[in-house]
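In what follows, a structure is listed as structure tokens, so that the remarks can point back to it.
The values are calculated or read from the model by the stated rules, or taken from the named source; none is laboratory data. Only a predicted model underlies this, so the values are computations on that prediction, with no experimental measurement involved. FYI the Cβ positions are ideal-geometry reconstructions off the backbone, even for glycines, and counts take in every protein chain you see.
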Amino acid sequence: MPERPGIGASTPHLYAQIVDWAGDMAQLTRTLGIDEFAAMGLSGGGPYVLACAHEMPERVVMGAPLGSVAPSIGSEAPQGGIVSLLRRLSPAIALCRGPLGSGLSRLVVQLEPFADQAMDLFMLTMPPGDRRVFSDPGTREVFQQDLVIGNREGGMQAMFNDMVLFGRPWGFSLRNISVPIRFWHGDADNLVPLAHAEHMASLLADAQILVRPQEGHLGGLSAAEEVFHAILQHWPNST
């Protein structure tokens, strides 16, 4: 599970475009001796999955975006949801991303002793499907630790770098992706509406949407087994 720049132990870096991530993944996988691989990403990880599928069609077996963010500008951008917000705010975030990242990082550190209480309050805003997902102690702990560990090297800067990139052209067209793409998306997602996944799927050569009933933006955290099963179905010579 490679960590994007500024997350976990990875040093901070702002790409020019989302597509640049695929170059790093090409180098990493070749260095590790990996010829073929699948790519999976939740929420803001979705565009990075699609970039790898576009840039390495001969090596990426399948892409699995879960609750994926959609393009925010250009002819392939849908309307509504967080996409419209990013379209308006991206220039301002680009100017203020340093102070925003530092401020949020300090807040995460201060709230760490109260993580359980903060999680309980957060769960009140979730749809029923997501509440079921986070009622599992293991999932709950992983989510909390992700915030703490993600804050380790670059603070919360990476999140704002992502927002900047999502507000720019991604550097590739969804219409040119030939790799099989399977979207997992909650029908109660109020950040990235299901219609956005449907819109992206309509532009792709080989795409399907697997709807997660009553789940919101983070419900895909419980879909791992289903995703792995789908990936193995597409794996060459899989038994």
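Structure data summary
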item: Residue check for residue 102: hydroxyl-bearing (Ser, Thr, Tyr), touching a helix residue (DSSP H, G or I) at 6+ places or on another chain (Cβ under 7 Å) and either modelled with pLDDT of 95 or more or more than 17 Å from residue 197 (Cα to Cα) (or both); result: no
item: Helices (runs of 4 or more DSSP H) completely within segment 112-206 that count 3 or more residues being among the hydroxyl-bearing types (Ser, Thr, Tyr); result: none
item: Segment 14-30 - residue that is within 17 Å of the chain's Cα centre (by Cα) and not acidic (Asp, Glu) and, of those, modelled with the lowest pLDDT; result: 14
item: Residue among 18, 7 that alone is in a loop (DSSP other than H, G, I, E, B), touching a Leu at 6+ places or on another chain (Cβ under 7 Å) and of a type in the set (A, V, I, L, M, F, W, C); result: 18
item: Extreme residue, modelled with the highest pLDDT, among residues of segment 186-239 that are out of contact with any helix residue (DSSP H, G or I) (no Cβ under 6 Å at 6 or more places or on another chain), under 18 Å from residue 44 (Cα atoms) and among the acidic types (Asp, Glu); result: 198
item: Options 215, 226; residue that is in a helix (DSSP H, G or I), over 15 Å from the mean Cα position of the chain (by Cα) and under 30 Å from residue 125 (Cα atoms); result: 226
item: Test for residue 73: is it modelled with pLDDT under 95, under 24 Å from residue 216 (Cα atoms) and of a type in the set (Val, Ile, Thr); result: yes
item: Out of 191, 174, sole residue that is surrounded by fewer than 20 Cβ atoms within 10 Å (Cβ to Cβ) and touching a residue at least 40 places away in the same chain (Cβ under 8 Å); result: 191
item: Test: residue in segment 72-83 that is within 26 Å of residue 232 (Cβ to Cβ), part of a loop (DSSP other than H, G, I, E, B) and in contact (Cβ under 8 Å) with a residue 40 or more places away in the chain; result: no
item: Close pairs from segment 112-123: first free of Cβ contacts under 8 Å to residues at least 60 places away in the same chain and among the polar types (S, T, N, Q), partner in a helix (DSSP H, G or I) and surrounded by 10 or more Cβ atoms within 10 Å (Cβ to Cβ), Cβ under 8 Å, at least 6 apart; result: none
item: Where residue 29 falls short, out of the listed (1) touching a helix residue (DSSP H, G or I) at 6+ places or on another chain (Cβ under 8 Å); (2) of a type in the set (Ser, Thr, Tyr); (3) part of a helix (DSSP H, G or I); result: (1)
item: Those residues of segment 31-54 which are more than 15 Å from the chain's Cα centre (by Cα) and crowded, with 22+ Cβ neighbours inside 10 Å, in sequence order; result: 54
item: Top-ranked residue of segment 4-52 - restricted to ones that are acidic (Asp, Glu) and touching a residue at least 60 places away in the same chain (Cβ under 8 Å), ranked as nearest to residue 70 (Cα to Cα); result: 20
